[in-house]
Amino acid sequence: MARLSALAWPLTAGRCALPLLLVLLTRAGASETVTVAVVAPLTTIVYAHQALGDQSRLGIDVDLPADAPGGLAGSIFVVDDTGQWYQSPVRSALAPGATTHLLADLGVAALWRSEPSITDLSPARRALLRRFGVFIWGEHAVPAVVTVHILQVEEVPSGPPSPLLDQSAGSGVLRDLVVDGADAGGVVHGQTGTRWSLQLRPAPFPDNPYDPQLFSLDLAVNGPDGFYALIPGFYDLPMALADRGDCEDSQVAGPDRFMVRFRPRLPGTYRLTLQARWHQGAVRSVHLPDLVVAGDAWDEYVHVDPVDHRFFSVGTHLPRFIWPIGLNLASPCDQLTESDPSKRAYGTTPTPDRGTFAYDAFLARLAAAGGTAAEIWMSSWNLGLEWNGKWRGYHNLGRYNERNAARLDRLLDLSWAHGVRLVVNLNNHGQYLANSGESEWLTNPYNRINGGPLTIPDEVFTDPAAITAQDNLRRYIAARYADHPAVLVWKLFSEVDLTQLGIKAIRAGQGGMEELRAWHEHAADQWHHLDTYGHPVGTHVATTYQNADPRLFSSPFLDAIGLDSYYAPNVYTHASNLSGLMVDAMLDPERGVLVLHKPVFVTEYGGGFHNMNHDELGVEHRTGAWLALVTGEATSPMLWMHEWVDQNNQWRPYGAIGRFIAGEDLRGAQAATVTLSASDPLWAQAWERPGLVLAYIQDQRWAHAYAPQGPVAGGLLTIGEAVPAGTLAYEWWDCDGGVVRSRGLLRHGGGALRLVVPTFHEHIALKLRRTR
C-alpha cells in the first residue's frame, strides 16, 4: 500500500494555506485517507511514504470534489537522500469538480529547481531520489474542509526529448568551467603551497558519477623542472556543515560538479590539459590557459626519508627530519567506553558525537600540548564513504557518502590549521570479520545478503568485483584528498591480522598469505600511482609486533609498519613490562621489525587489553613516547583512550617529549638503539649516533608496579666501555615536565664512561653531546 502523510511546511512568504485538508492516495487499487490540519499562511505538503522507484516521468491525478473552494494549485516535488527538495515549476490550477493531471519529467534537469534554488536535478542526484509527493496551496485563506483524491502515482513512458534538453550532450561536452585564480585577461594565477582547483559539469552527466568507467576526468600537468602529473578528478556535491549542538548537520550548498585539485610546490608556469572520457566512447581533451604560480619553493609533504628509511622526513629537497607526536582520535566518541566493562573502569564518559565539530576541541588541546599527529578512521560510524545503504548517507557499493566526504575535507583543514598531521585509516578489521563481537560483516555492503558480491569476508582480498570497487574508491579518495599536506600516512588496514583472512594467514598459519600480500601490493601500488604527492602507505597489525608477519611487511610496496603495543604478561611477549615489549618489537632476533628498515609507527597502545586499570594506563601513557624515541620508532605511539586523556587533562607528555626532541635528528647510517648498563633498580635504553646520545632511564620498581616508589639516588649509568676522550655537554631532563634539570660539561679522558644519575622519581632522560 502506498501511504501519504501531509505536513504544513513554509515555502514562500505570502502564500496562504487551507485550514484543513483531507488527503486520499490510491495506487494499484489501494488507498489511504489522511486528515491534516493546516494553518495559514502555510503550504500543505503531502508526502508519499513509499520510496520513489525508477520512474522516468511521474504522473499524479488530483481530483477535487465539486464543492471545493477555487483558487487552489498544486505541483509535484521529489526529495533526494540528503533531504534536498526539488520541485517542478509547472504548477497547475486544481479545478473543483474535475481531475487535474500533474506530470513531471524526471529525466530533464532543467524542468526542476531546488528549494532553496542551489542545484538542479542532475542524473547523479536523480538516481538518489528517495521520496515524492504533492504540495498544494491557495491564493487566499479559505475556511473550509477540502477532500483531495490523489488517484494515480504511476510511471509514464518517456516521450520525445524536451526542447529544453541540449541535444549536443550526447556527444560529450564539458560545461560551466570555473578555475581558481583566473583574471579578466584570461591568465590563471596560483601560489605555491596553496590548493588550486577547477570545477565543471560534463554532459551527458553520468548516472553514477563515482564510477570512472562511466565518466572519468583527469588533469595532465606539465610544470617546472620536468614536473609531470596526471591528477584524477572527482565528483562533488557541495555540503555546508553546521554544529547543531547534539550532532553535525549538513545541507546541500550548491550544484553538483566535477573537480580537480592541485597544490603546486614550485613557482613557474604549468601547462594544463583536461582529459575527459565517457563510457559511450566520447573523449575530450581541452587545453587550459597556463597556470602561473608565484611564491617560494614549498614542500610540506611527509615521505619516507630517502636516505634513512627508518624515519619520516618532510620535503624532497634537503628533507627535514620529522618525528610526529600524537594521539589516536579514531572517532569522536569511543563507543567501547559504554560496551566494554574494562574500559568503563577508566571513568570516562562518551563524548557527544558532534561529528567533526567534536574534533575542534580535541585538536586544539592536542596542539596546545605539543602534539603534531593523530589517527582518524574512515569507518562506517565516522568518516567512511561506502557502507550499507540502510544507514544514513550511505548508498551501498559504488556510491559515496558526500556528507562524510565533506566532513573529511573539514577535518584535514582543521588539523593542518593546528599543525597536526593525520594517519588516515581506510579500513578496519571488523568490516571483514565474521562471528565476533567486533564484526560488521552482517551490515557490510560487500556481503551478498546486502546486495554485494561476496559470500565470505575473505573474498574481499581476491574477488574481481570487490577489487574493482576498492580501486574506484581509492581513486576518489586520492583525487579529493591527496594534495593535502595534513595526510601523514595512508593506512590500508587497522589490525589486518584480525580480518577473517588475516586470522587464517597470520595468526593460524593456515594459508592465505599470498592473497593477503598480493592485495596489499596492489592497493599500495595504486596509491603510489594516484597520489602524486608521495604520502607513505602502510598497514597495521593488532596486539604486538609478533603479528607483523615479515612475509607481508617485507613487501617493497609497503612503505611503513603499523603496530599495536598492548602489554599483557606472557601474551605475545616474554617481557616483564611495556619497556621490554617495545625493545623486543625492534630487536627481537626472531620477529623484531628493525631488520625491515622501514618506519615503525604504533597507533594503538596503553593499558593492555586485559585487566585494564587507571594506574597502568597512566604509567604507560607517560613512558610510551620516550620508549619509542630510544628504540628507533618513527613516531610517538598513539594512545587509544583519547577520552581518558582529554577528560583527565593528561596532556603533559606530548609537550614534554616534544621539547626534548626539538632540534634533534635521529637519522644516520650509524644511528642505532642501544641497551645501556645501569645499576639496580634502573633500566636504560638510548638512541645513539656519532657524537650524540639520547638516553631514557626508568625506575623498574615503578614500571612494574604502576605505583609511586621512593626516590632513586646514586644510580650509575654506563654509556660505554671505550668512549673516546673529549669534551661532552650533558643535560638531565625531567621527563614529565619536559625541562632541563641540570646541564654542564665533562671532560672525558677516554675509556669507560660512567655517569652518576641525579636523584629522581620514576624516570629521567639524558642528552649527551660531544663538543670536541
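The values are calculated or read from the model by the stated rules, or taken from the named source; none is laboratory data. Every value quoted in this text rests on a predicted model; they were computed, and no experiment measured them. Don't worry about glycine lacking a Cβ; one is built from the backbone with ideal geometry, like all the others, and counts go over all protein chains shown. Ligands, DNA and RNA are stripped out before the accessible areas are found, and what is left, the full protein with its side chains, is counted by its heavy atoms. Shrake-Rupley method; radii C 1.70, N 1.55, O 1.52, S 1.80 Å.
For segment 156-175, the condition holds for no residue, the condition being that it is more than 30 Å from G315 (Cβ to Cβ), of a type in the set (D, E), assigned to a loop (DSSP other than H, G, I, E, B) and at pLDDT 65 or above.
Please go through segment 461-470 and pick out each residue that is open to solvent by less than 30 Å² (accessible area, probe 1.4 Å) and over 18 Å from G430 (Cα atoms). Break it down stepwise before answering.
Step one: of segment 461-470, the residues open to solvent by less than 30 Å² (accessible area, probe 1.4 Å) are 461, 466, 469-470.
Hit for segment 461-470 is A469, nothing else.
For segment 505-523, residues that are surrounded by 22 or more Cβ atoms within 10 Å (Cβ to Cβ) and either out of contact with any Phe, Trp or Tyr (no Cβ under 9 Å at 6 or more places or on another chain) or closer than 21 Å to Y301 by Cα (or both) total 3.
Checking the structure you have, find out if any residue of segment 645-655 is over 30 Å from the mean Cα position of the chain (by Cα), within 21 Å of G347 (Cβ to Cβ) and either open to solvent by 40 Å² or more (accessible area, probe 1.4 Å) or of a type in the set (A, V, I, L, M) (or both). First the steps, then the outcome.
Here is the first cut: in segment 645-655, the ones over 30 Å from the mean Cα position of the chain (by Cα) are none.
There is no residue in segment 645-655 that is over 30 Å from the mean Cα position of the chain (by Cα), within 21 Å of G347 (Cβ to Cβ) and either open to solvent by 40 Å² or more (accessible area, probe 1.4 Å) or of a type in the set (A, V, I, L, M) (or both).
Filter segment 549-564 down to residues that are surrounded by 24 or more Cβ atoms within 10 Å (Cβ to Cβ) and small (G, A, S) and give me whichever is farthest from the chain's Cα centre (by Cα). The extreme case among them is A560.
Can you confirm whether segment 101-110 contains a residue that is under 38 Å from the mean Cα position of the chain (by Cα), under 22 Å from V62 (Cβ atoms) and either touching a residue at least 60 places away in the same chain (Cβ under 8 Å) or surrounded by fewer than 16 Cβ atoms within 10 Å (Cβ to Cβ) (or both)? For segment 101-110, residues under 38 Å from the mean Cα position of the chain (by Cα), under 22 Å from V62 (Cβ atoms) and either touching a residue at least 60 places away in the same chain (Cβ under 8 Å) or surrounded by fewer than 16 Cβ atoms within 10 Å (Cβ to Cβ) (or both): absent.
For segment 527-540, give me each residue that is surrounded by 18 or more Cβ atoms within 10 Å (Cβ to Cβ) and in a helix (DSSP H, G or I). Listed by number, the residues that qualify are W527, L530. Considering only residues of segment 573-601 that are in contact with a Leu (Cβ under 6 Å, 6 or more places away or on another chain) and in a loop (DSSP other than H, G, I, E, B), which is surrounded by the most Cβ atoms within 10 Å (Cβ to Cβ)? It comes out as T573. Restricting segment 77-100 to residues that are open to solvent by 40 Å² or more (accessible area, probe 1.4 Å) and assigned to a strand (DSSP E or B), the residue that is modelled with the lowest pLDDT is T99. Taking first residues from segment 399-421 that are touching a residue at least 40 places away in the same chain (Cβ under 8 Å) and closer than 25 Å to G371 by Cα and partners that are aliphatic (A, V, I, L, M) and open to solvent by 10 Å² or more (accessible area, probe 1.4 Å), the Cβ contacts under 7 Å between residues at least 6 apart in sequence or on separate chains come to A406/M239; A406/L241; R407/L241; R410/L241; H418/A364; H418/A367; G419/A367; V420/A367.
Starting from residues that are hydrophobic (A, V, I, L, M, F, W, C) and in contact with a Leu (Cβ under 6 Å, 6 or more places away or on another chain), keep the ones in segment 711-729 and report whichever is farthest from R743 (Cα to Cα). Give the derivation first.
To start, the set of residues in segment 711-729 that are hydrophobic (A, V, I, L, M, F, W, C) comprises 712-713, 716-717, 719, 722-723, 725, 728-729.
Imposing the further condition that a residue be in contact with a Leu (Cβ under 6 Å, 6 or more places away or on another chain) reduces the set to 717, 719, 723, 728-729.
On the way: L717: 16, I719: 17, V723: 20, L728: 11, A729: 7 Å.
Per the criteria, the residue is V723.
Answer yes if at least one residue in segment 421-444 is assigned to a loop (DSSP other than H, G, I, E, B) and of a type in the set (V, I, T), and no otherwise. So far as segment 421-444 goes, no, none of its residues is assigned to a loop (DSSP other than H, G, I, E, B) and of a type in the set (V, I, T). If you check F262, F205, F258, F215 for being out of contact with any Leu (no Cβ under 8 Å at 6 or more places or on another chain), open to solvent by less than 40 Å² (accessible area, probe 1.4 Å) and modelled with pLDDT of 95 or more, only one passes: F215. Among residues of segment 103-118 being part of a strand (DSSP E or B), in contact with a Leu (Cβ under 8 Å, 6 or more places away or on another chain) and modelled with pLDDT of 80 or more, the one that is nearest to L72 (Cα to Cα) is L103.
Of everything in segment 423-460 that is charged (D, E, K, R) and in contact with a Gly (Cβ under 6 Å, 6 or more places away or on another chain), the residue that is least open to solvent (accessible area, probe 1.4 Å) is E440.
Scanning segment 262-301 for residues that are farther than 30 Å from I561 by Cβ and either part of a strand (DSSP E or B) or among the hydrophobic types (A, V, I, L, M, F, W, C) (or both) yields a total of 27.
Only one of the listed residues (R701, R652, R667) is under 26 Å from A560 (Cβ atoms) and out of contact with any helix residue (DSSP H, G or I) (no Cβ under 6 Å at 6 or more places or on another chain). That residue is R667. Check whether at least one residue in segment 128-136 is open to solvent by less than 60 Å² (accessible area, probe 1.4 Å), modelled with pLDDT under 90 and outside any strand (DSSP E or B), and report yes or no. Yes - at least one qualifying residue is present in segment 128-136. Has segment 361-379 got at least one residue that is closer than 30 Å to N208 by Cβ, at pLDDT 95 or above and aliphatic (A, V, I, L, M)? Yes, the conditions are met somewhere in segment 361-379.
Against the criterion of being buried (at least 16 other Cβ atoms within 10 Å of the Cβ), touching a residue at least 60 places away in the same chain (Cβ under 8 Å) and β-branched (V, I, T), V293 qualifies. Scanning segment 226-246 for residues that are in contact (Cβ under 8 Å) with a residue 12 or more places away in the chain, under 20 Å from the mean Cα position of the chain (by Cα) and loosely packed, with under 14 Cβ neighbours inside 10 Å turns up just one, A240.
For segment 624-643, the tally of residues that are open to solvent by 10 Å² or more (accessible area, probe 1.4 Å) and within 17 Å of V583 (Cα to Cα) stands at 1.
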